[in-house]
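Beneath this line is the structure, given in structure tokens, with notes to follow.
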Amino acid sequence: MRIEKHQMIGDLPAIDVRRFMQRRRDWVFARESMKDFFPDISDEKLHRTWNVLLGEGYFELREKRDGRLWYELTTKGNALAQASAAKPISRKTAEKKLQEFMERVEQINQNEEYALKVGRVALFGSLLSDAPEVSDIDLAIQLEGRLPDREAFSNHSKRRIEVALSSGKSFRTFFEQASWPRHEIYQFLKARSRLFSIHEIDELTHLNPKEFKMLLGEPPATH
């Protein structure tokens, strides 16, 4: 997904909405979180923007708990969170970048130092179209524990965290530290490129099988 510099979503700049979405990835959130994130924006503008985002399927109701409604991002919402504001690139360049990505997948899978490996990779989005230019490269992946035994996998993950700490890596929260074995793989695969929009493979379950292409592993079951 690509957003324009001056694009609006509801009554807010798309770039600002993207920042809000980035903070909501992997978490459920209530409507009040938008007011907390944009304290200087009027309630009227936030109300209209929230309704646009909900109505256009950027997030959906997850559950009702503690007397509040809790929402989570959809595939479309996650795509917005990772949307690029950069200029489009040629199909030839995108295909070369995709090839390099798959080479990094192979490097991950052959390196037993990592606690996880890449089990599945699927391509979807604009690169599957016939467009001569694409805004980004949309991929969905599934990571798997390298060791089938739970205790062995846990110990392997702890060693990866210890390696990161010993090399000077710092973590802001316990969750961030615990997630490092997974995050380091995402980081390596993206190679500091904003072209890649990486999602979880489960996000494809609501898509038509014709809307994605498996590059590694079996396709997920779709609804």
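Each value in this text was obtained by applying a stated rule to the coordinates, not by laboratory testing. Note that the structure is a prediction, hence the values are computed from the model and not measured. Because the Cβ atoms are built from the backbone with ideal geometry, glycine has one as well, and the counts that use them run over all protein chains shown.
General observations
- Value of Rg to Rh for the range 8-81 (Rh from inverse mean 1/r over Cα pairs, i.e. Kirkwood): 0.93
- Estimated from helices alone, the mean residue ellipticity of the chain at 222 nm is -12500 deg cm²/dmol (sum of -39500 (n - 2.57) over DSSP H runs with n ≥ 4, per residue).
- Per residue, the average separation of C-alpha pairs within less than 8 Å and at least 6 apart gives the range 89-216 a relative contact order of 35 percent.
- Amide hydrogen neighbours beyond the local backbone of Leu207, cut-off 5 Å, H modeled: His223
- Of the residues Leu54, Leu98, Leu116, the one that moves most in a GNM of the chain with alpha-carbon contacts below 10 Å is Leu54.
- The chain: angle of helix 150-166 to the longest principal axis, Cα-based, in degrees nearest 10: 80 degrees
- Helix 91-110 vs. the chain, principal-axis angle (Cα, 0 to 90°, nearest 10): 50 degrees
- Once Cα Rg over 2.2 N^0.38 Å is calculated for the structure shown, the corresponding label among (i) 1.10; (ii) 1.02; (iii) 1.14 turns out to be (i).
- Once C-alpha pairs closer than 8 Å and six or more residues apart are averaged by separation and normalised to the residue number of the chain, the relative contact order reads 20 percent.
- Database remark: amide H of Ile137 closer than 5 angstrom to the amide H of Phe196, Ser197 (H placed geometrically; neighbours at sequence offset of 5 or more, or on other chains; Pro and chain starts carry no H).
- Footprinting exposure proxy ranking of Asp11, Asp136, Asp66, Asp149, fewest other C-beta atoms within 10 angstrom first, gives Asp66, Asp149, Asp11, Asp136.
- Put a plus charge on the Cβ of each Lys and Arg, a minus charge on the Cβ of each Asp and Glu, and nothing anywhere else: the dipole of the chain about its Cα centre is then about 420 debye.
- Helix 14-24 and the longest principal axis of the Cα set of the chain meet at an angle near 60°.
- Stokes-Einstein D for the range 89-216, Kirkwood Rh over Cα pairs, 25 °C, 0.890 mPa s (µm²/s): 155 µm²/s
- Charged side chains reduced to their Cβ positions (Lys and Arg at +1, Asp and Glu at -1) give the range 8-81 a dipole of some 180 debye around its Cα centre.
- GluC sites (Glu not before Pro) within the range 14-112: DSSP coil, no more than 15 neighbouring Cβ in 10 Å: Glu56, Glu112
- Pairs from the list Lys5/Lys64; Lys158/Lys190; Lys97/Lys169; Lys92/Lys210; Lys158/Lys213 with a Cα-Cα gap above 25 Å: Lys5/Lys64; Lys97/Lys169; Lys158/Lys213.
- A simple spin-label model places the labels of Ser33 and Arg150 2.8 nm from each other, with each point 7 Å out along Cα-to-Cβ.
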